[in-house]
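Here the structure comes first, spelled out in structure tokens, and everything after it is commentary.
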Amino acid sequence: MSTTQFVSKSTGQYESKAYSAAGPESSLTPATIKRREPGGDDVQIEILFCGICHSDLHQVRNEWSAMPTVYPCVPGHEIVGRVTKVGTAVTKFRPGDLAAVGCLVDSDRSCNSCESGLEQFCPNMTLTYNSPDTHLGGVTFGGYSDSIVVKEHFVLKVPENLNLAGVAPLLCAGITTYSPIRHWGVTKGKKVGVVGLGGLGHMAVKFAHAFGAHVVVFTTSPKKKEDALNLGADEVVVSRNIEEMNKHLTSFDFIIDTVSAEHDINSYLQLLRPDGNMTLVGAPDKPHAVSAMSLLFNRRSLSGSLIGGIAETQEMLEFCSKHDITADVEIIPIQKVNEALERLARADVKYRFSIDMATLKQSKTT
Ligand code: NAP
Ligand code: ZN
């Protein structure tokens, strides 16, 4: 059965402050963008914090051939804030409530994926930025901005007990790691590998640890070893050390690969035990070379995972509330966003940048 759909009837537009990129080589600069006035089932949110995902960097620099960037581009899909206005058909939110938005702002709500709570696979889903904007034309603009208007179904409730700057990254880094960890049955007694200790990786460590698994982090950065242990890892392997890698041959139930750049995945596939699975969430543009032998022996499987559905995102936020889990963040003013993107490109962040959006008031927009 299809869910009742309220069609947003936009009554107009208003101006919002933002940071946008004019092209793949441009820095992000202050800009004024248009947002729709909230219609019947819309929620308008004042953005308080927005996380910086490596996908923002890929998209701003037009690194994904499958998803070319339309400029100007306003990135940001790890959004947390406060409701400022709601449409007449909105029932779950009131002005003043905390609210969050992740990578999705719309879908058709009637396909098999939507009806199964997997809106992220809907053929007609709208991403928070760089998707066609069915209301205003052009493309959608993301959370590096002071406000956003989103259909109620795609707005998440934020537990009151969590630090807001650390909640923002849960909306992408959190759900992207929580979802495959749940799907592949990570529990006590399982041996789980996390490849890459960045924004996604550090959340994967926290979740796998919270589910009781034995967690091994694979990193290219020896200086992250101690942090990995503090985040909940039981062991840390510097992945460039072949000897250390070989100690773990054929031993993992599940490995999650969060690496944003080209790397050899066969060296991880051979660490899986019989019927073990490795899931890719990292999204480098260049195709991976996969050795058939790595998969044939021990009936291993290789899969991927894309964020998570709305209901599962809400479930993840409740799980975080119960287990007191948030992202470890470096809070930055928006004026430092270009420096932060440079540092992210060098894997130099502990472990997610979260932009304090109140600082946007200090920037003169054009
Ligand atoms: P991030 O914070 O930059 O973390 C990526 C980590 O990968 C780095 O910290 C680094 O960890 C490792 N790494 C970087 N370059 C490497 C290289 N050349 N060789 C080996 N390891 C390297 O990025 P993120 O925000 O976590 O995102 C990671 C990837 O996931 C991106 O490609 C992003 O687009 C993608 N993503 C996918 C989804 C999805 O739905 N599937 C959602 C969000 C993001 P060490 O220093 O520990 O080696
Ligand atoms: Zn993301």
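Here are some notes:
- Per-residue ellipticity at 222 nm from helix content only, as computed over the chain with -39500 (n - 2.57) for each DSSP H run of at least four residues, stands at -6000 deg cm²/dmol.
- Taking label positions 7 Å along the Cα-Cβ direction at both Thr32 and Thr365, the computed distance is 0.9 nm, reported to one decimal.
- Charge tally for Phe254 (other residues, Cβ to Cβ under 12 Å; Lys, Arg +1; Asp, Glu -1): +2.
- Screening the chain for whole DSSP H helices with an alpha carbon extent of at least 15 angstrom along the helix axis and a mean Kyte-Doolittle hydropathy of at least 0.0 yields 199-210.
- Size-normalised alpha-carbon gyration radius of region 174-304, reference 2.2 N^0.38 Å: 0.94
- Cα pair distances of the chain binned at 20 Å [whole percent]: 30, 57, 12, 0
- Carbon and sulfur %, accessible surface of region 174-304 computed with the full protein complex present, 1.4 Å: 53 percent
- Percent carbon-and-sulfur accessible area, region 1-134, ignoring ligands, DNA and RNA, probe 1.4 Å: 53 percent
- For Tyr14, net neighbour charge (Lys/Arg +1, Asp/Glu -1) across residues whose Cβ lies under 9 Å away: +1
- Part-to-part distance (alpha-carbon centres) for region 126-146 and region 17-79, which is given in Å: 7 Å
- 3J(HN,Hα) along region 58-68, derived from phi through the Karplus expression 6.51 cos²θ - 1.76 cosθ + 1.60 where θ = phi - 60°, amounts to 4, 6, 4, 8, 6, 8, 9, 5, 6, 9, x Hz, with x in place of Gly and Pro.
- Gyration tensor verdict on region 1-151 (Cα atoms; rounded if a/c is under 1.5, prolate if a/b is larger than b/c, oblate otherwise): oblate
- Residues Asn112 and Ala22, FRET efficiency given R0 of 30 Å [Cβ-Cβ distance, rounded to 0.05]: 0.15
- Annotation for region 151-228 versus region 287-351: alpha-carbon center distance of 7 Å.
- Extension gain, Asn298 back to Thr250 (0.36 nm per residue minus Cα-Cα distance, nm): 16.4 nm
- Packing rank of 329-341, 243-255, where each peptide gets the mean count of other beta carbons within 10 Å, highest leading: 329-341, 243-255
- Averaging the sequence gap over all C-alpha pairs within less than 8 Å and six or more residues apart, then dividing by the number of residues, gives region 174-304 a relative contact order of 21 percent.
- On a per residue basis, the chain carries 43 Å² of accessible surface, using protein heavy atoms and a 1.4 Å probe.
- GNM result for the chain, Cα springs below 10 Å: residue of Phe353, Phe49, Phe121 fluctuating most strongly: Phe121
The values are calculated or read from the model by the stated rules, or taken from the named source; none is laboratory data. If you're wondering where the values come from, they're calculated on a predicted model, not measured in any experiment. All Cβ positions, even for glycine, are placed from backbone atoms using ideal geometry, and neighbour counts span all protein chains on display. The area values use the complete protein model at the heavy-atom level, side chains included, leaving out ligands, DNA and RNA. Shrake-Rupley method; radii C 1.70, N 1.55, O 1.52, S 1.80 Å.
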